[in-house]
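Read-outs: derived from the displayed coordinates by stated rules, not from any lab. The structure displayed is predicted, hence computed values, not measured ones. Glycine gets a Cβ as well: all are built from the backbone with ideal geometry, and neighbour counts include every protein chain shown.
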């Protein structure tokens with residue numbers, strides 16, 4: 001068990017690509033920190049730098065109070081779980097698990113392998129080879145191989161990505177329980193924001209080699225530091241539209257939203273980026289004044305609720321460059337059309353779901369509105 | 001589509017319910033006799049050009065025959081002669097000795113070269129691969145002539161030894177009782193190393209990088225990493241490479257025929273050359289056929305043993 005401290009860690013590849021840009025981060029003893037971000041953001045590289053599989057070009061990596069920046073992986077006492085499990089194919093499950101602790105006494109190895117195998121319910125697989133195991137079983141063995149070592153920290157590189165959706169949910173729950181049981185410091189890399197939100201004590205959201213925000217999942221969801229974080233966390237993603245500010249209100253088509261004075265004070269021009277979670281919309285009652293006319297393009301019925309995609313004419317998509325990294329947002333609305341319009345999504349109750357082509361009147365919950373700077377994307381609150 | 005013509009509501013045909021009835025031979029999924037028709041052309045050619053000559057060779061090995069006049073049946077006498085004849089025994093021993101050069105050395109060198117070339121990128125890697133593989137593409141006879149020149153008493157090898165001050169080592173390489181066989185073997189090494197390297201390289205590319213990462217995190221140095229990840233990952237290739245090179249080594253003919261013709265004395269005589277000489281120079285066709293049978297059995301045995309050893313733990 002140990003604390004992991006990264007102090008201005010940089011990584012520049014030989015071709016000159018700056019993959020990590022002065023990343024500072026500390027993972028408390030026993031904490032599970034999730035590194036999340038779109039592909040190419042540097043999260044896997046950061047994990048490999050912590051493991052020692054990649055050397056840092058600058059900065060310091062401290063594990064358990066000792067400077068490990070120049071130490072080889074073997075000296076760092078960390079165990080890694082890989083996306084493809086990386087089990088040695090010619091060894092049985094037992095030997096795979098025992099491999100890293102091969103220098104211990106034989107009885108001790110036997111005891112630890114048996115204990116961990118029991119914990120992961122893979123005792124009856126010990127004499128099989130990886131090839132004879134299913135994806136979920138291999139995943140367990142890979143976890144077991146890490147746990148057996150009783151290392152200072154676990155480093156997990158998208159360990160659930162190769163599992164099918166259903167198994168992934170099961171294993172996610174088991175991972176949480178497992179971490180509670182062994183409470184070893186863990187750094188967990190994923191591109192899946194659902195995994196990040198459900199697993200992490202804290203979540204660090206990365207983009208372009210930098211940490212955009214690090215905090216509890218709820219923090220990132222409720223108080224995103226900028227429009228990128230807001231757009232990345234949450235499913236369906238937050239709607240971001242640029243709206244002109246007229247007096248005390250931002251105008252969203254037919255609707256108007258009150259802009260708090262402290263936000264207005266920080267605006268250089270009379271326009272603001274309004275962030276609306278899909279859950280901020282509801283069917284408008286006759287009394288609502290902040291109502292929006294929405295022409296429904298597409299309806300996804302999720303069972304408990306429906307996701308309604310609609311275009312709001314006359315609005316411009318906000319910060320296209322800033323949020324382009326978020327895959328989900330690169331929809332048709334992101335490119336400038338002849339007549340500007342924004343594709344938005346609302347999450348509505350499943351009762352009488354609308355159909356494509358319907359015109360809805362939607363009200364906006366004024367308590368569930370975020371504001372961002374239209375040029376930098378920084379949150380304004 | 002007779003099923004669609006059946007009136008709705010009619011009972012299904014009896015054959016569908018009688019599950020115990022034997023399936024017709026042409027039922028889906030059952031092996032069909034028509035399959036033999038498909039393999040027939042290949043089988044016919046194989047029989048005419050491989051199986052029949054093989055059997056005929058075995059039959060001839062039981063005769064004392066000069067290849068022209070009527071032969072006399074001698075049973076296993078030819079086989080007895082092989083084991084009694086100093087010359088033929090030494091031919092087989094030479095073949096086994098050549099295995100070190102044809103098989104063992106190229107496998108080791110090939111693996112080292114593959115490990116080195118695998119670390120290169122871009123044009124250098126392609127160039128090295130091509131250069132090292134080149135001997136595989138050149139006709140063996142041409143190679144043999146080239147090396148004959150290299151090994152000549154006034155040739156470049158001796159010249160080089162003189163230049164670097166090792167003049168004492170200068171030899172008539174292919175004319176020496178001691179060095180002729182190793183000299184021929186080295187040519188074999190030169191030929192097969194490229195093949196080994198290319199096959200190992202292909203195998204190494206299939207080994208996932210994360211296995212190396214895992215090994216490093218698990219505390220492996222480069223050597224332990226090689227024995228934990230690379231070597232087990234190359235087991236299939238190793239088996240193939242060993243079998244190919246062993247066969248090449250045991251049945252080598254053209255190289256020896258061109259460079260030394262088995263000499264000086266019998267110091268580089270190998271079974272294939274002995275078969276050729278017995279059959280076409282000494283007119284002892286029966287003995288040659290018997291030698292061929294022994295060589296075939298030896299090759300079979302060695303390759304089976306190798307495959308067992310290398311692939312055993314694979315299962």
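Averaging the Cα positions of each part gives two centres, and for the stretch B:235-265 and the stretch A:124-159 these lie 45 Å apart.
Separation of the stretch B:68-102 from the stretch B:120-140 is 38 Å, based on Cα centroids.
Ellipsoid fit via the Cα gyration tensor, the stretch A:263-303: semi-axes of 28, 15, 10 Å, each the root of five times an eigenvalue, largest first.
Of the three principal axes defined by the Cα atoms of the stretch A:119-181, the extents in descending order read 30, 27, 19 Å. Normalised by the number of residues in chain B, the average gap of Cα pairs under 8 Å and 6 or more apart makes the relative contact order 27 percent.
Each label was represented as a point 7 Å from its Cα along the Cα-to-Cβ direction; for residue A:91 and residue B:59 these points are 5.8 nm apart.
When Rg and the Kirkwood radius Rh are both evaluated on Cα atoms of chain A, their ratio Rg/Rh stands at 1.05.
Computed log10 I(q)/I(0) for the stretch A:37-101 at 0.13, 0.24 Å⁻¹: -0.47, -1.06, from the Debye equation with unit scatterers placed on every C-alpha and solvent omitted. Using bins of 5 Å that start at zero, the share of Cα-Cα pairs per bin across the stretch B:111-153 amounts to 5, 19, 19, 17, 14, 15, 9, 2, 0, in whole %. The fewest-to-most ranking of B:86, A:15 by surrounding Cβ atoms within 10 Å reads A:15, B:86.
A Förster radius of 25 Å combined with the Cβ-Cβ distance from residue A:12 to residue B:205 puts the calculated FRET efficiency at roughly 0.35. Where both bridge residues fall in the protein assembly as shown, DSSP classifies roughly 80% of the beta bridges as antiparallel. Both numbers refer to the Cα atoms of the stretch A:151-264; Rg and Dmax are 18.4, 59 Å. Dividing the helix sum by the residues of chain B, where each DSSP H run of 4 or more adds -39500 (n - 2.57), gives a mean residue ellipticity at 222 nm of -19500 deg cm²/dmol. For the options A:11, A:43, A:166, a Gaussian network treatment of chain A with springs between C-alpha atoms closer than 10 Å singles out A:166 as fluctuating the most.
Listing B:303, B:291, B:47, B:259 from fewest to most neighbouring C-beta atoms within 10 Å gives B:47, B:303, B:259, B:291. Its Cα gyration tensor gives the stretch B:123-200 an equivalent ellipsoid. The semi-axes, each the square root of 5 times an eigenvalue, are 27, 15, 11 Å from largest down. For residue B:52 and residue B:301, the FRET efficiency from 1/(1 + (r/R0)^6), where r spans their Cβ atoms and R0 equals 35 Å, is about 0.90.
Beta bridges from DSSP with both residues in the stretch A:58-206: antiparallel share about 20 percent, rounded to the nearest 5. Structural descriptor for chain A: relative contact order 16 percent, calculated from alpha carbon pairs under 8 angstrom and at least 6 residues apart. Packing around the peptides B:96-107, A:184-195, taken as the average count of other Cβ atoms within 10 Å per residue, puts them in this order, highest first: A:184-195, B:96-107. Taken along the Cα-to-beta-carbon direction at a fixed 7 Å, the label points for residue B:276 and residue B:308 span 3.3 nm.
Computed packing ranks the peptides A:108-118, B:229-239 as B:229-239, A:108-118, most packed first, by mean other Cβ atoms within 10 Å. Among A:164, A:201, A:67, the largest mean-square fluctuation in a Gaussian network model of chain A, built with springs joining Cα atoms closer than 10 Å, belongs to A:164. As a calculated quantity, the FRET efficiency between residue B:73 and residue B:137 at R0 = 41 Å, using C-beta atoms, amounts to about 0.35. Over the stretch A:1-115, Cα pairs under 8 Å with separation of 6+ residues give a relative contact order of 23 percent.
Going by neighbour counts of Cβ atoms within 10 Å, the residues A:24, B:90, B:61 line up, fewest first, as A:24, B:90, B:61.
Shown here are the Rg and Dmax of the Cα trace of chain B, at 27.8, 102 Å. For the protein assembly as shown, the convex hull spanned by the alpha carbon atoms encloses 319 Å³ per residue.
Just to confirm my numbers, what's the Cα centroid distance between the stretch A:163-218 and the stretch A:34-72 in Å? About 17 Å separates the Cα centre of the stretch A:163-218 from the one of the stretch A:34-72. Taking a quarter of the surface of the Cα convex hull of the stretch B:214-315 gives a mean projected area of 9.2 nm². Shown here are the Rg and Dmax of the Cα trace of the stretch B:148-297, at 21.4, 67 Å. Expressed to the nearest 5 percent, the antiparallel share of DSSP beta bridges inside the stretch A:140-238 is 50 percent.
Here, the stretch B:196-272 is characterised by an Rg to Rh ratio of 1.27, where Rg is the alpha-carbon radius of gyration and Rh the Kirkwood radius. Considering only A:179, A:90, A:283, the mean-square fluctuation computed in a Gaussian network model of chain A, springs between alpha carbons under 10 angstrom, is largest for A:90. Computed over the alpha-carbon atoms, the stretch A:1-147 gives an Rg to Rh ratio of 1.02, Rh here being the Kirkwood radius from the mean inverse distance. Site pair residue B:166 and residue A:287 shows an inter-label distance of 10.2 nm when each label is modelled 7 Å from Cα along Cα→Cβ.
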